[in-house]
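Novice: My questions will all concern the structure given below.
Where a number appears in this text, it was derived from the coordinates with a stated rule and is not lab data. Because the structure is a prediction, the values reported are computed rather than measured. FYI the Cβ positions are ideal-geometry reconstructions off the backbone, even for glycines, and counts take in every protein chain you see.
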Amino acid sequence: MDFEAGEILYFDKPLRWTSFNLVAKVRWMLCQRLGVKKLKVGHAGTLDPLATGVLIVCTGRATKRIDELQAHTKEYVATLQLGATTPCFDLEKPIDQTYPTQHITLELIEQVLPQFMGRIEQVPPAFSACKVDGHRAYKLARKGEEIALKPKILVIDELELVHFDAEQMQLTLRIVCSKGTYIRALARDIGQSLQSGAHLIALRRTRIGNVCIEQCMKIEDFEPWLNQQEIVTPLNN
């Protein structure tokens, strides 16, 4: 393998790791194995710390393909907690408001979900990497500033109801969507359409383009895998 010329690797990002954490770990192990001080390594399609699943990592000259790779359709399995919201619409922050859920039934959910299919508008969450006047929205949100983000056009190709737990008021969905879709924002909007609230309690990315979770390696398996590869040594070594 020639990591300087460029390789594309598939990882199953662990819970509570940032995408940057995983890239940094991979870069460090590659530099150790190659005997170099630095190597270009980047990822295609950021995952939040509380999300797991497919993360594509590019090395060397393959980093030029990042924009192409992260533009591919993505698939997620998401679990929503109905009846409550958090400021970031996931478990990173505590619940800030609760809502009634007695009226929510499987039939109501099945009526509401189709409105999120196809080409839709979505306002990104305040706690996101979107830029406002040159500043990241999440940095402004953490300072308590009011943020007005503009809606973005995106496409939801598939929205499948996987399971509804009426006792716990938890809803599991399989979602196939375009680049730029915030599943946290989708949870928020579904909660509102159910005349209640909702936030994400679990999120797993199961596919990017043709890359499925079954093709991905765990970060703890990377070093043993790397040690088994025939590697081209960089010329500047």
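Novice: Helix 183-193 versus the longest principal axis of the chain: what is the Cα-based angle in degrees, 0 to 90, to the nearest 10?
Specialist: 10 degrees
Novice: I would also like to ask the following. First check a/c for the chain, with a ≥ b ≥ c the square roots of the eigenvalues of its C-alpha gyration tensor; if it is under 1.5, answer rounded, and if not, answer prolate when a/b is larger than b/c or oblate otherwise. Intermediate values should be presented prior to the final figure.
Specialist: On the way: a/c = 2.31, a/b = 1.93, b/c = 1.20.
Prolate.
Novice: Compute the relative contact order of the chain as a whole-number percentage, counting only Cα pairs closer than 8 Å that sit 6 or more residues apart in sequence. Can you show the working numbers first?
Specialist: Details: 479 pairs, mean separation 69.1, N = 237.
Relative contact order for the chain comes out at 29 percent.
Novice: Among LEU47, LEU55, LEU106, which one shows the highest mean-square fluctuation when the chain is modelled as a Gaussian network with alpha-carbon springs under 10 Å?
Specialist: Comparing LEU47, LEU55, LEU106 in a Gaussian network model of the chain, the most mobile one is LEU106.
Novice: Give the separation of the Cα centroids, the stretch 1-60 to the stretch 151-174, in Å.
Specialist: 29 Å
Novice: On C-alpha positions alone, give me the angle between the axis of helix 19-34 and the longest principal axis of the chain, in degrees, nearest 10.
Specialist: 10 degrees
Novice: If one computes the Cα centroid of the stretch 61-106 and of the stretch 188-237, what distance in Å separates the two points?
Specialist: Each part reduced to its Cα centre gives a spacing of 15 Å.
Novice: Still on this structure, please answer the following. Cut-off 10 angstrom, C-alpha nodes, Gaussian network model of the chain. Which of ASP67, ASP189, ASP48 fluctuates the most?
Specialist: ASP67
Novice: Among PRO14, PRO49, PRO224, which one shows the highest mean-square fluctuation when the chain is modelled as a Gaussian network with alpha-carbon springs under 10 Å?
Specialist: Judging by the Gaussian network model, the answer is PRO224.
Novice: Out of ILE66, VAL112, GLN170, whose Cα points farthest toward the positive end of the dipole of the chain (charges: +1 Lys, Arg; -1 Asp, Glu; placed on Cβ)?
Specialist: ILE66
Novice: If you don't mind, there's one more thing I want to ask. Could you please rank HIS72, HIS103, HIS43, placing first whichever residue has the fewest other Cβ atoms within 10 Å of its Cβ?
Specialist: Working: HIS72 16, HIS103 9, HIS43 22.
Ascending number of Cβ neighbours within 10 Å: HIS103, HIS72, HIS43.
Novice: Is there a pair in LYS38/LYS152; LYS74/LYS218; LYS37/LYS179 whose C-alpha atoms are over 25 Å apart, and which pairs would that be? Display every interim value, and only then the final one.
Specialist: Values: LYS38/LYS152 37 Å; LYS74/LYS218 19 Å; LYS37/LYS179 33 Å.
Going by Cα-Cα distance, LYS38/LYS152; LYS37/LYS179 fall outside the 25 Å limit.
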